[in-house]
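See structure below.
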Amino acid sequence: MNLQRVLAIASKEWREIVRDRLFFTLAFVVPALLMLLFGYGLSLDVENIPFAVVDHDRSAASRDYAYRFIDSRYFQFRGYAGDERDAAQLIGSGAVRVVLVIPPQFGKTLAQGRPAAIQTLVDGSFPSRAMTTKGYVAAINAAFSLAAVAQAVSHASGLSQQEALAQLTPIALESRYLYNQSVSSIWSLAPKLIMVILMLSPPFLTALGVVREKENGSIFNIYASNVSRGEFLVGKLAPYVAISSVNILLLWLLAVLLYQVPFKGSLLFFLPATLVYVLCTTGIGLLVSVLVRTQVAAMIVTMVVTMIPAVLYSGLIIPIVSLGSGAHVVAQLMPAMYYTDIVVGCFLKGVGLMSLWRPLAVLAVYACLLFAAGYQLFSKRPNI
Amino acid sequence: MSDTIIKASGFGKQYGAQVAVQGLDLDVRRGELYGLIGPDGAGKSSLMKAVAGVLSFEHGQLEVFGQLLDSERHAEAIKGRIGLMPQGLGQNLYGDLSIEENVDFFARLRLVPRAEAAARKEQLLAITRLAAFRHRPMKQLSGGMKQKLGLVCTLIHAPQLIILDEPTTGVDPVSRRDFWAILARLIAEQGLTALVSTAYMDEASRFTRMSLLHQGRKLAEGNPAQILQQAPGWIVQCRVEPQLTAMQRLAVCWPQCEAMGPEIRLFVPEADQPAARQQVVDVLQGLECQQLDVLDAELEDVFVAMLGGKQNAATVPVDLLAHTRSELAGRELAIEAKGLGKRFGDFVAVGDVSFQVRQGEIFGLLGANGAGKTTAIKMLTGILPPSSGSGRVAGADMQQAGALIKSRIGYMSQAFSLYLDLSVVENIRLYAGIYGLDRKARDVRLQWILDMAGLHGHENALAAALPMGLRQRLALGCALVHQPRVLFLDEPTSGVDPLGRRAFWDILFRLSRQDGVALLVTTHYMSEAEHCDHLALMFAGRVVADASPQQMKQQVLTEAGQLYRVYADHAAALVSPLQAAGFANVLPYGSALHVLTPDVERLQQVLRTLGVERPPQPRPIAMEDVFVQRVSQLEAQSQGGGQP
């Protein structure tokens, strides 16, 4: 390995990247932009659900029931609707996503100690959101029912309402969420976005950078000289790894400063581990670039082989354990899942090498395999 | 050390099922400027890449510097001693890097010691006259400058063998001559061996030896004289009235017959000069023969003659009935440009362009890269509004009736605007649809195009699968689907083999003469410029000459004198002493020199003092000589006397 040749290639590559406005944008602006777009756009929290009420009863009890929802931070009251037909229209137009229909005689039935039914219409077009919504409705409804029973018990037994309530719920559930106390989705999302973006950006840059030379013929300068394969690959990829290293810091700062995600682990572990991940994804770009010949093909192939694993098989949206058995196996074969463990561990759990050495080792082996394959398949004397 | 640098035996290269090169033998010796000549797809690039050790191959053996190239590891052994410049105008250079950075990169890549690299860089930049532009980014250079920079980068590590793949394709004749002069000088001074390919047949005489390639096989090999001997014959150039009748008679006897403006040029395969002349005179009996010259055959004629034996389909049968419309030719104006100008900000792309083209006339627009030809065509076709001046095209005012013009003209570009995934018939139907032809008219035109282009039997073939020549004729057919009265052709023949080019010009000639269509053509092949009735030469956005080819030649002959070819052992070394002796127009031409001078006796004297005894041979001047002489003169003027 001759250092002068490596440096010649690396500095040429660096100049081209910096002077080509499109490439420069792709290298330094796009990753940060993705972090902002995904961070604000992909929030999985369900709050402020717009809803309406059809009140056929118009009694104190029915108003009391509706106020439980109106007061909740999870729901946003959009007014009373005249009848079910109006309500259906409101849901259809997207103005509200939930409608509560309170039947006539609701207050009277309750007062008589008989069970009453409330109809809930939920917009089911987005299943996971509908399920969450249904959960909120059920919880508020249960709280209302319990309060009603407690009132009846206190009335009959002479106990205070507080005591009656305590009698009725002998076991109180005390939940404490570890690692993400407020269960804020951005806390879990931002670290995973670092995983997704570092899965997309380095392979894109690498594949385009190498294939660009193939497409316009400047690769022949390399083929026709004594530069060895190793010298070329190191010199060519070094600038891209350097750019990605800058991006690691940039994304980390965005997560910590902008999204206020606590970073509980050690940067001394996180940064080298992330570098291993970047080498791994750069290796994916390298492998794509030796297999295709045009920049368009490079883009499409990179998109397919990085985007899908990064989104579906990484634990970004669906936890790995919830995947089907086939998908579970696929996820084990992709590097994204392992880095998700590392990045979430570093940010939220504050664990380090001791508990994360296994995924790190997998990534390291992955990177070595990809580079070995890229090196082996790259030929200075191809047959086309 | 052996004198053989490259030795190939039974070399063959295949891409999947497609055979690129087959059974090729090659032997290139030290110090040679060896040429590979052939059209696109002849297998030149494959061979050159294999020689450079950057392409593996399936059949035969290849030795370079005595090293057998049979593996990537063995190929590495020669790479320090070779320089490769791949195909494509400056494609292997880095657009965002300056001239100097490009050269430095190649020097560092090749591990040239710093002091040595700096010295050689200065020397090469001086020879190529690029030193003044050293900080300019490569992407802002003209085509000719890119090629010269490519050459500098290829030579920076002082290789012993350089491999240049079509270094002159897409470069105008002046830059091309410049490039060859520089290359000849470097080869002579540095003892290089060079393997160079070209698609321009007229460049063949610059090589010490060469191979003619066609469809992956070698047609002929040797020095220019040896190749000319392989198809002995003479070129007869005559001016006969009526031209069409003469053409029809001559083409029956000699298929290699073409119209060049008012003249007819044909190849007579007959070793004896008087006999060749007599045969032509006999055939033309009864017609008014105004002029008849018998000239040496050029390499391109020989190439076509050699292919002619193998491939008969090239010439289209000549119809016997002359169209009555041809009598109208020369009356109505088809294109009229009056002081057309186009500015882009401060930059004047086209200054003041005026010319006229009549119905039935073939008009050639010539000029170096960046002279403003494309901008002029874009204004005339209504794509670009002019900043000043006016013009009429096909009877419509170009200032007001851009859309009307577009419906009355046809346009065929260099890129052959065909849909490669559609079949021949589908392409034609598509264009018929675009121009709004009804079903009946469409079917009539479809038949006409298939007849005209000789595409019967290929109706359902995909455009991508057609050979270049046929594809080009299909593109012409598509441009003619709506029967335009005016046709614009922008470098219509680049990359097409000589046979295909001749067949194409045959069609153009009949379109103009029989159907009275006005044709405006741009080309970099100067041999094609001779086909035009009328030429306009553009330089720096202006028309600087506007005349027929014959008039242009005559003008140069009157101003600069007769053209002589000087044969000498080391012709390239004579350039500077001759220029010092006052001969302004001296250009290396293969192993010889071309000199334009009114005083042949003084030339002979000077040559004798330089030790050259063989007298200079007078030659008929070609359009390329005219173009180069004119443009060099203008360049000298604009550099010397303050161009505004």
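The values are calculated or read from the model by the stated rules, or taken from the named source; none is laboratory data. As the structure is a prediction and not an experimental result, all values here were calculated from the model. All Cβ positions, even for glycine, are placed from backbone atoms using ideal geometry, and neighbour counts span all protein chains on display.
This table checks each residue for (1) buried (at least 22 other Cβ atoms within 10 Å of the Cβ); (2) in a helix (DSSP H, G or I).
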{"position": "B:A117", "(1), (2)": "no, yes"}
{"position": "B:L124", "(1), (2)": "yes, yes"}
{"position": "B:L149", "(1), (2)": "yes, yes"}
{"position": "B:A158", "(1), (2)": "no, no"}
{"position": "B:I162", "(1), (2)": "yes, no"}
{"position": "B:A181", "(1), (2)": "no, yes"}
{"position": "B:E189", "(1), (2)": "no, yes"}
{"position": "B:S197", "(1), (2)": "yes, no"}
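Could you check, for the range B:583-592, whether at least one of its residues is assigned to a loop (DSSP other than H, G, I, E, B) and modelled with pLDDT of 85 or more? Can you show your working first?
Restricting attention to the range B:583-592, the residues satisfying the condition of being assigned to a loop (DSSP other than H, G, I, E, B) are B:583-584, B:590-591.
If we keep only those that are modelled with pLDDT of 85 or more as well, we get B:583.
Yes, there is a match, as at least one residue in the range B:583-592 is assigned to a loop (DSSP other than H, G, I, E, B) and modelled with pLDDT of 85 or more.
Could you say which residue among A:L205, A:L200, A:L165 is more than 22 Å from the chain's Cα centre (by Cα) and either modelled with pLDDT of 95 or more or under 25 Å from A:L360 (Cα atoms) (or both)?
When all the criteria are applied, what remains is A:L205.
Taking the range B:13-33 as the region of interest, how many residues are surrounded by fewer than 22 Cβ atoms within 10 Å (Cβ to Cβ) and either of a type in the set (S, T, N, Q) or touching a Leu at 6+ places or on another chain (Cβ under 7 Å) (or both)?
Matching residues across the range B:13-33 total 3.
Kindly indicate the residue of the range A:339-384 that is among the hydroxyl-bearing types (S, T, Y) and crowded, with 19+ Cβ neighbours inside 10 Å and also nearest to the other protein chains (Cβ to nearest Cβ) among those meeting that condition. Write out each step before concluding.
Here is the first cut: in the range A:339-384, the ones among the hydroxyl-bearing types (S, T, Y) are A:339-340, A:355, A:366, A:375, A:379.
Filter again for crowded, with 19+ Cβ neighbours inside 10 Å, leaving A:339-340, A:366.
Working: A:Y339: 33, A:T340: 37, A:Y366: 27 Å.
Applying the filter and picking the extreme gives A:Y366.
Here is a list of conditions, (1) part of a helix (DSSP H, G or I); (2) touching a residue at least 24 places away in the same chain (Cβ under 8 Å); (3) touching a strand residue (DSSP E or B) at 6+ places or on another chain (Cβ under 6 Å); (4) not hydroxyl-bearing (S, T, Y), and B:Q579 meets all of them except one; can you say which number that is?
Result: B:Q579 fails condition (2) only.
So which of B:V600, B:V595, B:V626 is within 15 Å of B:V575 (Cβ to Cβ) and not charged (D, E, K, R)?
Working: B:V600 fails: within 15 Å of B:V575 (Cβ to Cβ); B:V626 fails: within 15 Å of B:V575 (Cβ to Cβ).
After applying the criteria, what remains is B:V595.
One line per residue, one yes/no per condition, for (1) in contact with an Asp or Glu (Cβ under 6 Å, 6 or more places away or on another chain); (2) under 19 Å from B:R542 (Cβ atoms):
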{"position": "B:T374", "(1), (2)": "no, yes"}
{"position": "B:L380", "(1), (2)": "no, yes"}
{"position": "B:S388", "(1), (2)": "no, yes"}
{"position": "B:Q399", "(1), (2)": "no, no"}
{"position": "B:L404", "(1), (2)": "no, no"}
{"position": "B:S407", "(1), (2)": "no, no"}
{"position": "B:Q414", "(1), (2)": "yes, no"}
{"position": "B:S417", "(1), (2)": "no, no"}
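Given the conditions (1) assigned to a strand (DSSP E or B); (2) under 21 Å from B:A305 (Cβ atoms); (3) of a type in the set (A, V, I, L, M, F, W, C), report the number of the one that B:A271 does not fulfil.
B:A271 satisfies all of (1) assigned to a strand (DSSP E or B); (2) under 21 Å from B:A305 (Cβ atoms); (3) of a type in the set (A, V, I, L, M, F, W, C) except (1).
Would you please name the residue that is farthest from the other protein chains (Cβ to nearest Cβ), looking only at residues in the range B:73-86 that are surrounded by fewer than 19 Cβ atoms within 10 Å (Cβ to Cβ) and in contact (Cβ under 8 Å) with a residue 40 or more places away in the chain?
Here the residue is B:R81.
If a residue must be in contact (Cβ under 8 Å) with a residue 24 or more places away in the chain, of a type in the set (G, A, S), loosely packed, with under 15 Cβ neighbours inside 10 Å and not in a strand (DSSP E or B), how many such residues does the range A:57-93 contain?
3
Tell me whether the range A:232-244 contains one or more residues that are over 29 Å from A:Y338 (Cα atoms), crowded, with 19+ Cβ neighbours inside 10 Å and touching a residue at least 24 places away in the same chain (Cβ under 8 Å). It would help to see each step written out before you state the result.
First, pick out the residues of the range A:232-244 that are over 29 Å from A:Y338 (Cα atoms): A:232.
In the following step, the residues that additionally are crowded, with 19+ Cβ neighbours inside 10 Å were identified as A:232.
Now restrict to residues that are touching a residue at least 24 places away in the same chain (Cβ under 8 Å): A:232.
Yes, the range A:232-244 has at least one match.
List the helices (runs of 4 or more DSSP H) that sit entirely inside the range A:265-384 and contain at least 2 residues that are in contact with a helix residue (DSSP H, G or I) (Cβ under 6 Å, 6 or more places away or on another chain). So that I can check it myself, show each step before the final result.
Numbers: elements: A:267-291, A:295-312, A:325-333, A:335-344, A:353-377.
Output list reads A:267-291, A:295-312, A:335-344, A:353-377.
Which of the residues that make up the range B:420-438 are at pLDDT 90 or above, of a type outside the set (S, T, Y) and over 13 Å from B:H482 (Cα atoms)?
Hits for the range B:420-438 are B:L422, B:V424, B:V425, B:E426, B:N427.
Quick one: would you say B:V521 is closer than 30 Å to B:G395 by Cα, touching a residue at least 40 places away in the same chain (Cβ under 8 Å), surrounded by 20 or more Cβ atoms within 10 Å (Cβ to Cβ) and touching a Leu at 6+ places or on another chain (Cβ under 6 Å)?
On the way: closer than 30 Å to B:G395 by Cα: yes; touching a residue at least 40 places away in the same chain (Cβ under 8 Å): yes; surrounded by 20 or more Cβ atoms within 10 Å (Cβ to Cβ): yes; touching a Leu at 6+ places or on another chain (Cβ under 6 Å): yes.
Spelling it out, B:V521 is indeed closer than 30 Å to B:G395 by Cα, touching a residue at least 40 places away in the same chain (Cβ under 8 Å), surrounded by 20 or more Cβ atoms within 10 Å (Cβ to Cβ) and touching a Leu at 6+ places or on another chain (Cβ under 6 Å).
In the range B:88-103, which residues are more than 16 Å from B:P159 (Cα to Cα) and either among the small types (G, A, S) or more than 8 Å from chain A (Cβ to nearest Cβ) (or both)? Spell out the reasoning first.
Keep residues of the range B:88-103 that are more than 16 Å from B:P159 (Cα to Cα), which gives B:88-102.
B:G88, B:L89, B:G90, B:G95, B:S98, B:I99, B:E100, B:N102 - these are the residues of the range B:88-103 that are more than 16 Å from B:P159 (Cα to Cα) and either among the small types (G, A, S) or more than 8 Å from chain A (Cβ to nearest Cβ) (or both).
Considering only residues of the range B:44-72 that are of a type in the set (D, E, K, R) and surrounded by fewer than 22 Cβ atoms within 10 Å (Cβ to Cβ), which is farthest from the other protein chains (Cβ to nearest Cβ)? Explain how you work it out, then say what you get.
Residues of the range B:44-72 that are of a type in the set (D, E, K, R), as a first pass: B:44, B:49, B:58, B:63, B:70, B:72.
Filter once more, keeping what is surrounded by fewer than 22 Cβ atoms within 10 Å (Cβ to Cβ): B:58, B:63, B:70, B:72.
On the way: B:E58: 8, B:E63: 15, B:D70: 10, B:E72: 4 Å.
Top of the filtered list is B:E63.
May I ask you to say which residue of A:A147, A:A138 is loosely packed, with under 12 Cβ neighbours inside 10 Å, closer than 21 Å to A:I118 by Cβ and modelled with pLDDT of 85 or more? If you could, list the steps in order and put the result at the bottom.
Working: A:A147 fails: loosely packed, with under 12 Cβ neighbours inside 10 Å.
Exactly one residue qualifies, and that residue is A:A138.
Check whether at least one residue in the range A:49-56 is closer than 30 Å to A:S188 by Cα, away from chain B (no Cβ under 14 Å) and part of a helix (DSSP H, G or I), and report yes or no. If you could, list the steps in order and put the result at the bottom.
Let us first name the residues in the range A:49-56 that are closer than 30 Å to A:S188 by Cα, namely A:49-51.
Still in the running and away from chain B (no Cβ under 14 Å): A:49-51.
Still in the running and part of a helix (DSSP H, G or I): none.
Looking through the range A:49-56, none of the residues is closer than 30 Å to A:S188 by Cα, away from chain B (no Cβ under 14 Å) and part of a helix (DSSP H, G or I).
What about A:V210, is it buried (at least 23 other Cβ atoms within 10 Å of the Cβ) and at pLDDT 95 or above? Can you show your working first?
Details: buried (at least 23 other Cβ atoms within 10 Å of the Cβ): yes; at pLDDT 95 or above: no.
In short, no.
Only one of A:A156, A:A190, A:A172 is aliphatic (A, V, I, L, M), assigned to a helix (DSSP H, G or I) and surrounded by fewer than 17 Cβ atoms within 10 Å (Cβ to Cβ). Can you tell me which?
Numbers: A:A190 fails: surrounded by fewer than 17 Cβ atoms within 10 Å (Cβ to Cβ); A:A172 fails: assigned to a helix (DSSP H, G or I).
The unique qualifying residue is A:A156.
Determine, yes or no, whether B:A259 is under 30 Å from B:S45 (Cα atoms), part of a strand (DSSP E or B) and of a type in the set (G, A, S).
On the way: under 30 Å from B:S45 (Cα atoms): no; part of a strand (DSSP E or B): yes; of a type in the set (G, A, S): yes.
Taking the combined requirement at face value, the residue does not satisfy it.
From the list B:K218, B:K139, which residue is of a type in the set (D, E, K, R), at pLDDT 90 or above and more than 23 Å from B:E624 (Cβ to Cβ)?
Working: B:K139 fails: at pLDDT 90 or above.
Of B:K218, B:K139, the one residue that is of a type in the set (D, E, K, R), at pLDDT 90 or above and more than 23 Å from B:E624 (Cβ to Cβ) is B:K218.
Suppose the filter is away from chain B (no Cβ under 14 Å), touching a residue at least 60 places away in the same chain (Cβ under 8 Å) and more than 30 Å from A:V29 (Cβ to Cβ); does A:Y223 pass it? If you could, list the steps in order and put the result at the bottom.
Numbers: away from chain B (no Cβ under 14 Å): no; touching a residue at least 60 places away in the same chain (Cβ under 8 Å): yes; more than 30 Å from A:V29 (Cβ to Cβ): yes.
So A:Y223 fails the test.
List the residue pairs whose Cβ atoms are under 7 Å apart, where the first residue sits in the range A:5-30 and is more than 8 Å from chain B (Cβ to nearest Cβ), the second is of a type in the set (S, T, N, Q) and assigned to a helix (DSSP H, G or I), and the two are 6 or more positions apart or on different chains.
Every condition considered, the pairs that remain are A:V30/A:S201.
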